[in-house]
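Everything below concerns the one structure shown next.
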Amino acid sequence: MSATIQASALDPAQATLDETIPAGEPWMQRLSKGQIFRIVDLEGNQAVDTLFFNADDPEEHYSLTHTIQAQGALYLGLGSVLMSSEGRPLLTIVADTCGRHDTLGGACSCESNTVRYALEKRAMHSCRDNFMAAIAHNPYGLHKRDMASNINFFMNVPVTPNGGLTFEDGISAPGKYVEMRAETDVIVLVSNCPQLNNPCNAYNPTPVRCLVWDAA
Ligand SMILES: [Zn+2]
């Protein structure tokens, strides 16, 4: 899929929810079917690790394998349907001014920080820590075992010709956003990535803005 840029006509002043996630923090929100959800990369080059769940049955979660298979492409962009582990559409990307989002890089963790960087990086805050903190007392029944492979919005993880992955500087920029329509009631779980050891956040984690509009 080639990157397609499509702006949205929705007005932030009309949003029913408008919240900023501080750099390095988690965020969780329930969306109703038909609502539109936008994530804005306020300062640019910020990775936004995101999981989605069926709100009525959180054991059904976003599935990278179902999504990649359904669209026949590795990266997410305009028109991508985010598929569930049961093969059902959870959300559809309806506007995108960034052009490409990662499906494969996963979430940073103390384990990956240790293996990729150094033993003394083990204690650094990670997306996995954010997911665990967010679900510690959640009202949706989410458990540790539900933390499946996530999307990295705005993150640039190209697949090399020999099948490896590289973490590159972002292709996003200040104010770029991605917007999606909920195809069923979903729970959104975000880790606004605190990673400081690779260029996914330009070595400088920054806030992102989340907006929700009711169905037209
Ligand atoms: Zn991370």
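None of the figures in this text is laboratory data; all of them are computed from the coordinates on show. Remember, it's a predicted structure, so these values are computed and weren't measured experimentally. Neighbour counts run over all protein chains shown; Cβ positions are idealised from the backbone, glycine included.
Listing for the model above:
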{"read-out": "Qualifying residue in the range 134-145 (condition: closer than 28 Å to Ala173 by Cβ, touching a residue at least 40 places away in the same chain (Cβ under 8 Å) and touching a strand residue (DSSP E or B) at 6+ places or on another chain (Cβ under 6 Å))", "value": "yes"}
{"read-out": "Members of the range 121-139 found to be hydroxyl-bearing (Ser, Thr, Tyr) and more than 13 Å from the ligand (Cβ to nearest atom), listed by number", "value": "none"}
{"read-out": "Exclusive hit being of a type in the set (S, T, N, Q), in contact with a Gly (Cβ under 9 Å, 6 or more places away or on another chain) and closer than 30 Å to Ala216 by Cα, set Asn192, Asn138", "value": "Asn192"}
{"read-out": "Residue satisfying condition, being surrounded by 14 or more Cβ atoms within 10 Å (Cβ to Cβ) and either within 16 Å of the ligand (Cβ to nearest atom) or of a type in the set (Asp, Glu) (or both), within set Ile68, Ile21", "value": "Ile21"}
{"read-out": "Pair list, Cβ < 9 Å and 6+ apart or interchain, from the range 101-112 residues that are of a type in the set (Val, Ile, Thr) to residues that are surrounded by fewer than 24 Cβ atoms within 10 Å (Cβ to Cβ) and part of a helix (DSSP H, G or I)", "value": "Thr103/Leu64; Thr103/Thr67; Thr103/Ile68"}
{"read-out": "Search result, residues across the range 146-166 that are at positive phi and either surrounded by 16 or more Cβ atoms within 10 Å (Cβ to Cβ) or touching a Gly at 6+ places or on another chain (Cβ under 8 Å) (or both)", "value": "Phe154"}
